[in-house]
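A quick write-up on the structure given underneath.
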Amino acid sequence: MLKSIQEKLLDAGQEERMSTWGVPANMLMLEAGVEYAIEYSEGVFTERHNPEALERAIKKVSAEYQAGEIVLSNYVTEDDTELDNFYLLLAPFVDFSQDIE
């Protein structure tokens, strides 16, 4: 699919203006949520909010998609309050101006 997109962008001379994540964000969040819920229901952890379990789930799904390392961080408000249940994801991206494997 990514190769097809790249071909169209090359035809239009737009390959340097576009990029995307190596994994669809909605699928990453959905599948990681399922992994998180499985661990919770199996008693791997007992608290509802477990950042380590979330990171484990995201890493597992990222590995399945061969998407590279996903960096997980918490949102920080303007007054420097870190929200421990508001996560930001930074994923490697596909650069359409480069070769795609």
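Since every read-out is calculated from the coordinates, none of them should be taken as a lab result. Just so you know, these numbers come straight off a predicted model, no measurement behind them. A quick note on method: Cβ atoms are made from the backbone with ideal geometry, for glycine too, and the neighbour counts reach across all protein chains shown.
Length available on full extension from GLU55 to SER4: 0.36 nm per residue minus the Cα-Cα distance, which gives 15.2 nm.
Counting other Cβ atoms within 10 Å, which trypsin sites (Lys or Arg not before Pro) in the chain have at most 16 and lie in a DSSP loop? Walk me through the numbers on the way to the answer.
Numbers: sites: LYS3, LYS8, ARG17, ARG48, ARG56, LYS59, LYS60; in loops: ARG17, ARG48.
Of the trypsin sites (Lys or Arg not before Pro), the ones in loops of the chain whose Cβ has at most 16 other Cβ atoms within 10 Å are ARG17, ARG48.
Count the net charge of all other residues whose Cβ sits under 15 Å from the Cβ of VAL94, scoring Lys and Arg as +1 and Asp and Glu as -1. Taking every other residue near VAL94 into account, the sum is -4. Summing Lys and Arg as +1 and Asp and Glu as -1 over all other residues whose Cβ lies under 13 Å from the Cβ of GLY22 gives a net charge of -4. Once the Cα atoms are used to define both axes, helix 2-12 deviates from the longest principal axis of the chain by about 40 degrees. Annotation: amide H-H contacts under 5 Å for VAL94 (H modelled 1.01 Å from N, sequence separation of 5 or more, or interchain): THR20, TRP21, GLY22. For the pair TYR75 and MET18, what calculated FRET efficiency results from E = 1/(1 + (r/R0)^6), where r is the Cβ-Cβ distance and R0 = 30 Å, to the nearest 0.05? That pair, MET18 with TYR75, gives E of 0.65.
The phi torsions of the range 85-101, fed into the Karplus equation with coefficients 6.51, -1.76 and 1.60 and a -60° offset, translate into couplings of 10, 10, 9, 10, 10, 10, 10, x, 10, 9, 9, 5, 8, 10, 4, 10, 7 Hz, rounded to whole numbers, with Gly and Pro shown as x.
May I ask you to derive the relative contact order of the chain, considering only C-alpha pairs under 8 Å and at least 6 residues apart, and to give it as an integer percent? Working shown, then result.
Working: 104 pairs, mean separation 35.3, N = 101.
Relative contact order comes out at 35 percent.
Once you have the Cα-Cα distance between LEU30 and TYR87, take 0.36 nm times their residue separation minus that, and quote the gain in nm to one decimal.
On the way: separation 57, 0.36 × 57 = 20.52 nm, distance 1.42 nm.
Extra length available between LEU30 and TYR87 comes to 19.1 nm.
Counting every pair of alpha carbons in the chain, the share spaced more than 19 Å apart comes to 54 percent.
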